[in-house]
Each structure stands twice: as structure tokens, then as C-alpha cells.
Amino acid sequence: MGQSSVAAPNSPANPTAPVDGLIVVDMQTAFVSGEGAVPGADRLLERVGELLDRARDAGAVVVHLQNDGLAGTDDEPDTPGWELYLPVKSGPREHVIRKHRDDGFYATSLGEILIAAGVRSLAICGVMSEMCVRATSETALDRGYRVVLPHDAHGTYDVPAVPGVSEVIPAHVVSRVAAWSLGDQPENTVPTSAVTFS
């Protein structure tokens, strides 16, 4: 899948159209608060909060993914780090789905919820850019959804240095490469401010 030379999705010639669903990936306490938070967690929380507010105001479908980590990990179920950090407003248009793989569609009800609600386009945000955000975005694209991946609303950790391989790779670079690796289908260079919901 090659990179396209056409105008960027958020350019004046090709404005970002509204989406009708929001997937919030693994915004769990261990990853976005305290000493173990991803770099730039405060800004990430603000951006994801903005998307949540807009999606709710528009009556769009909202799905929070919550990862069930292995025993002893920061996101082990029913531990403080596993809890979702941002408040959920449960209702017919807002859902929480637990998962145990990177891909939020794998062995979950995510696909059925989106189909039942008639969702055809998605904004995806959260953590980690190169893992659960990327895997869920890739499956959404494979299933024919239009995907908007706002560049300032997903995050991850620095990749540690490996002697003889590379120096530390900063988190913001990892996030950019993760989005770029999805190819020219996702609208992955738009800012949160450009994302609207219908």
C-alpha cells in the first residue's frame, strides 16, 4: 500500500468530513496518570476529552476499549491501573468493551455494535499508538470503515535504546510512524480540532 501524493485529508481542498463514531482505546489509569503515564499524557487527556464532548453532543456512537492485561501487569483486571481514567456516560450510544488483544475487534462485540448503529466512519484515539490504536484502526480500515486518526489524540511511550541498533526513539516519533504505517487510507494527520461528528 503506497503513500498517496494527493492533497492531505485536512487541506482546504479536501476538508475532513464528519464521522459518526468514536473509539477511545485503552485510556486506562496506568497509562495516562502518575509516574507511568505516557509522555504528554495531560495534553492527550485534553484532546481525547474534546473528542468525547463533541461526539456526545452530536449523539454519535462512543466505544471505550478497556484492555485486560496479564496478571502482574499495570492493566491487570480489577486493579487501580486497569480502570478507565475518563468518566463513561453509559447509555444506548456509549459502550465499554473489554478486550485481551491489541485489536479491539478481535473476539469482542465492537463490530456488532457499530453495524447495529449504522456507523460507517470512525475517529480513533487513545493508547498505544503502535499497538492497540494501530491494530484497531487497521481492522476498521479492512472492514471498510472510513478512519480518522487525529495525530494529537493518540500516544505511546519512548522506545528504549538498543546498543548497536538505535538510540531512544521518542514517543511522538513512534506515534507518527504508527499512523504512517497504515498507508494513505486513514486521515492520520488531522488535528483533534478538525474532527467533527454527525
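The values are calculated or read from the model by the stated rules, or taken from the named source; none is laboratory data. Since the structure is predicted, the reported quantities are computational estimates derived from the model, not experimental observations. Here the Cβ is made from the backbone with ideal geometry for all residues, glycine too, and neighbour counts use every protein chain on show. Quick note on the areas: whole protein, heavy atoms, side chains included, nothing else; ligands and nucleic acids left out. Shrake-Rupley method; radii C 1.70, N 1.55, O 1.52, S 1.80 Å.
Is it fair to say ALA58 is farther than 21 Å from SER129 by Cβ, at pLDDT 95 or above and open to solvent by 10 Å² or more (accessible area, probe 1.4 Å)?
Working: farther than 21 Å from SER129 by Cβ: yes; at pLDDT 95 or above: yes; open to solvent by 10 Å² or more (accessible area, probe 1.4 Å): yes.
The answer is yes for ALA58.
For LEU110, indicate whether it is under 22 Å from SER33 (Cα atoms) and in contact (Cβ under 8 Å) with a residue 40 or more places away in the chain.
Values: under 22 Å from SER33 (Cα atoms): no; in contact (Cβ under 8 Å) with a residue 40 or more places away in the chain: yes.
Answer is no for this residue.
Across the range 25-36, what is the number of residues that are open to solvent by 20 Å² or more (accessible area, probe 1.4 Å) and touching a Pro at 6+ places or on another chain (Cβ under 9 Å)? Explain how you work it out, then say what you get.
Initially, the range 25-36 is screened for residues open to solvent by 20 Å² or more (accessible area, probe 1.4 Å), giving 29, 31, 33-36.
Filter again for touching a Pro at 6+ places or on another chain (Cβ under 9 Å), leaving 29.
Count: 1.
For the range 24-42, the candidate set comprises residues that are charged (D, E, K, R) and on the phi < 0 side of the Ramachandran plot; within that set, the residue that is farthest from the chain's Cα centre (by Cα) is GLU35. Of all residues in the range 162-198, those satisfying the criterion of being open to solvent by 40 Å² or more (accessible area, probe 1.4 Å), among the aliphatic types (A, V, I, L, M) and closer than 23 Å to GLY36 by Cα are VAL162, VAL168, ILE169, VAL173, VAL177. Contact map, the range 37-53: first residue open to solvent by 20 Å² or more (accessible area, probe 1.4 Å), second residue β-branched (Val, Ile, Thr), Cβ cut-off under 7 Å, separation 6 or more or different chains; pairs are LEU45/VAL32; ARG47/THR192; GLU50/THR192.
Report yes if some residue within the range 72-83 is within 13 Å of ILE23 (Cα to Cα), open to solvent by 70 Å² or more (accessible area, probe 1.4 Å) and either free of Cβ contacts under 8 Å to residues at least 40 places away in the same chain or more than 14 Å from the chain's Cα centre (by Cα) (or both); otherwise report no. Scanning the range 72-83 turns up no residue that is within 13 Å of ILE23 (Cα to Cα), open to solvent by 70 Å² or more (accessible area, probe 1.4 Å) and either free of Cβ contacts under 8 Å to residues at least 40 places away in the same chain or more than 14 Å from the chain's Cα centre (by Cα) (or both).
Just the residues that are part of a loop (DSSP other than H, G, I, E, B) and touching an Asp or Glu at 6+ places or on another chain (Cβ under 8 Å), please, taken from the range 77-86. Talk me through it step by step, then tell me what you get.
Of the residues in the range 77-86, the ones part of a loop (DSSP other than H, G, I, E, B) are 77-79, 83, 85-86.
Across the range 77-86, the qualifying residue is only PRO77.
Residues that are at pLDDT below 95, more than 19 Å from TYR157 (Cα to Cα) and not aliphatic (A, V, I, L, M) are absent from the range 98-110.
Within the range 84-96, at least one residue is over 23 Å from ASP184 (Cα atoms), hydrophobic (A, V, I, L, M, F, W, C), open to solvent by 20 Å² or more (accessible area, probe 1.4 Å) and touching a helix residue (DSSP H, G or I) at 6+ places or on another chain (Cβ under 8 Å).
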